[in-house]
1. If the reach is capped at under 17 angstrom between alpha carbons, list the lysines near LYS75, excluding any in the same chain fewer than eight residues apart.
2. Using Cα springs under 10 Å in a Gaussian network model of the chain, which residue among LEU69, LEU55, LEU80 shows the largest mean-square fluctuation?
3. Below 8 Å between Cα atoms, with a sequence gap of 6+, how large is the relative contact order for the chain in percent?
4. Would you mind getting me the FRET efficiency between SER110 and ALA33? Use the beta-carbon distance for r and R0 = 30 Å, nearest 0.05.
5. Using only the Cα atoms, what convex hull volume per residue in Å³ does segment 2-132 have?
6. Using only the alpha-carbon atoms, how far is helix 2-11 inclined from the longest principal axis of the chain? Give it as 0 to 90 degrees, nearest 10.
7. So which chymotrypsin sites (Phe, Trp or Tyr not before Pro) in segment 1-41 are both in a DSSP loop and have at most 11 other Cβ atoms within 10 Å of their Cβ?
8. Taking 0.36 nm per residue of sequence separation and subtracting the Cα-Cα distance, how much length would be gained by fully extending the chain between ALA128 and HIS78, in nm to one decimal?
Amino acid sequence: MLGLFISAFISSTIAPGGSEAVLAYLVNNQQYAVTNLVLVATIGNTLGALTTWWLGMWAAKKYPAENLLTEKQRKSLHTLRHWGSWALLFSWLPVVGDGLCFAGGWLKLSLISSLLAIFIGKALRYIAVAYAFI
């Protein structure tokens, strides 16, 4: 299960990973309880996303959005600001999810709300993956 945690953590940062494949393999192997596997994957993936969120918050201190972004990019940030932490429910999406987490930190969205939205979104994704391989 440590391998699943590490894979899930890495998959949720900027680095590519395949935590869904690891989860599917372990679910199919039936060595561990599915709920434990989903929980380990969700926690690892959530912590990876929070790392990206924190990097966004750190970047905002040195590079304010208003000074760096094009008009289109500022409009995208405005949309994210409008939806707030709820937009982070989609942090599980490939490519886009990492950007959402980074932008959430950059916009200094509430840490607790961001954590909750990220956790829920990622849990639902891993539940769907696990269910497909039961």
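Derivation of every value follows stated rules applied to the coordinates shown; laboratory data play no part. Computed from a prediction, not measured in an experiment: that's the story for all the values here. Note: ideal-geometry Cβ built from the backbone for every residue, glycine included; neighbour counts use all protein chains shown.
1. The reachable lysines, counting only those whose Cα sits under 17 Å from LYS75, are LYS108.
2. The residue with the greatest mean-square fluctuation here is LEU69.
3. Values: 191 pairs, mean separation 41.9, N = 134.
RCO, the chain: 31 percent.
4. Numbers: r = 33 Å, r/R0 = 1.09.
That pair, SER110 with ALA33, gives E of 0.40.
5. Values: hull volume 12.4 nm³, N = 131.
In segment 2-132, the Cα hull volume divided by residue count equals 94 Å³.
6. That helix lies at roughly 30 degrees to the long axis.
7. Working: sites: PHE5, PHE9, TYR25, TYR32; in loops: TYR32.
Listed in order of number, the matching sites amount to none.
8. Values: separation 50, 0.36 × 50 = 18.00 nm, distance 3.09 nm.
Taking 0.36 nm per residue and subtracting the Cα distance, the gain is 14.9 nm.
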